[in-house]
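Read the structure below first, then the notes.
Please treat every number below as a calculation from the coordinates, not as lab data. All of these numbers come straight from a predicted model, not from anything done at the bench. Virtual Cβ from ideal backbone geometry, glycine too; neighbours counted across all protein chains shown.
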Amino acid sequence: MTYLARWFAAAALSLSAGLSVFGTGTAAAEPYPVVVELYTSQGCSSCPPADAFFAKDLVGRSDVIALALHVDYWDYIGWKDDLADPAYTKRQRAYARAAGHRSVYTPQMIIGGKDHVIGTKPRDVTAHLRDHAAKPSPVAMQATLKDGQLTVKLAPEGEALAPMVVHLVRYSPKDTRDVKRGENAGKTLSYANTVTSWETLGEWRGNRAKTFRSKVAGNAPVVVLVQHKNHGPIVAAAELR
């Protein structure tokens with residue numbers, strides 16, 4: 001199936017007949033979805049309300065790509081989060097450094113790679129989503145997935161851009177855990193869009209068109225993100241299934 005995030009200029013690219021568009025209508029006329037990263041943990045007693053809000057109000061929206069990243073720094077208090085990955089903790093800490101923050105916390109949502117929000121404040125999340133949706137992207141992206149082959153074509157919309165990183169993310173749509181110990185002992189917790197892998201397809205200098213390709217195995221959803229280097233804003237995103 002194919003997700004077409006935005007058309008290139010007609011002279012630069014054309015799509016062959018028969019390609020199906022992921023989503024409804026003509027995706028090329030719409031802005032990219034806004035990426036929301038939720039940093040959470042099975043060992044955090046403050047996290048379940050944010051997990052619930054995330055699953056109910058953000059997951060499944062056509063204008064949002066919702067990704068839950070479980071961190072491991074609460075494991076010491078009695079319950080090891082088996083969905084956590086030290087790499088996700090590292091990513092959250094890198095965001096904190098980029099923003100000049102001294103510490104990290106859960107639940108936290110990072111919106112568009114830029115805005116840091118407490119995960120239990122829906123109004124703040126909604127306001128930031130509205131702001132991001134109103135801003136045009138400087139990147140033209142075409143992302144396709146066919147027979148296990150992912151192809152991502154990028155081009156600057158106007159002037160040359162700052163260097164970018166192209167990410168490939170996979171996630172599990174739904175997980176449930178019975179927590180035996182720690183702050184959430186005795187609870188059965190449900191999680192949505194839990195990130196299972198995060199890799200870098202490569203770097204893009206942003207000054208001319210470039211194509212990235214990667215083999216993709218399995219049936220898990222595929223997310224492509226284009227982000228300024230050093231944990232800056234996310235300027236383009238696509239989700240494929």
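Results, tabulated for the structure shown:
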{"item": "Label point distance in nm, LEU189-ARG97, each placed 7 Å from Cα along Cα→Cβ", "result": "2.7"}
{"item": "Of LYS114/LYS215; LYS90/LYS114; LYS121/LYS174; LYS146/LYS229; LYS90/LYS187; LYS114/LYS135, those spanning more than 25 Å from alpha-carbon to alpha-carbon", "result": "LYS114/LYS215; LYS146/LYS229; LYS90/LYS187"}
{"item": "Of PRO86, PRO33, PRO156, the one that fluctuates the most in a GNM where the chain has Cα springs shorter than 10 Å", "result": "PRO86"}
{"item": "Degrees, to the nearest 10: 86-99 long Cα axis against longest axis of the chain", "result": "70"}
{"item": "Residue with peak Gaussian network fluctuation, the chain [Cα springs, cutoff 10 Å], from THR194, THR211, THR89", "result": "THR211"}
{"item": "Theoretical ellipticity at 222 nm over the chain - DSSP helices of four or more residues, -39500 (n - 2.57) apiece, nearest 500", "result": "-4000 deg cm²/dmol"}
{"item": "Distance (nanometres) between label positions extended 7 Å along Cα→Cβ at GLU203 and VAL216", "result": "2.5"}
{"item": "Total charge dipole magnitude, the range 2-240, about the Cα centre, Cβ charges on Lys, Arg, Asp, Glu only, Debye to nearest 20", "result": "340"}
{"item": "Cα principal axis extents for the chain, largest first, Å", "result": "59, 38, 30"}
{"item": "On Cα atoms only, tilt of 122-133 relative to the major axis of the chain in degrees", "result": "10"}
{"item": "Mean-position separation - Cα centroids, the range 51-121 and the range 168-231, in angstrom", "result": "12"}
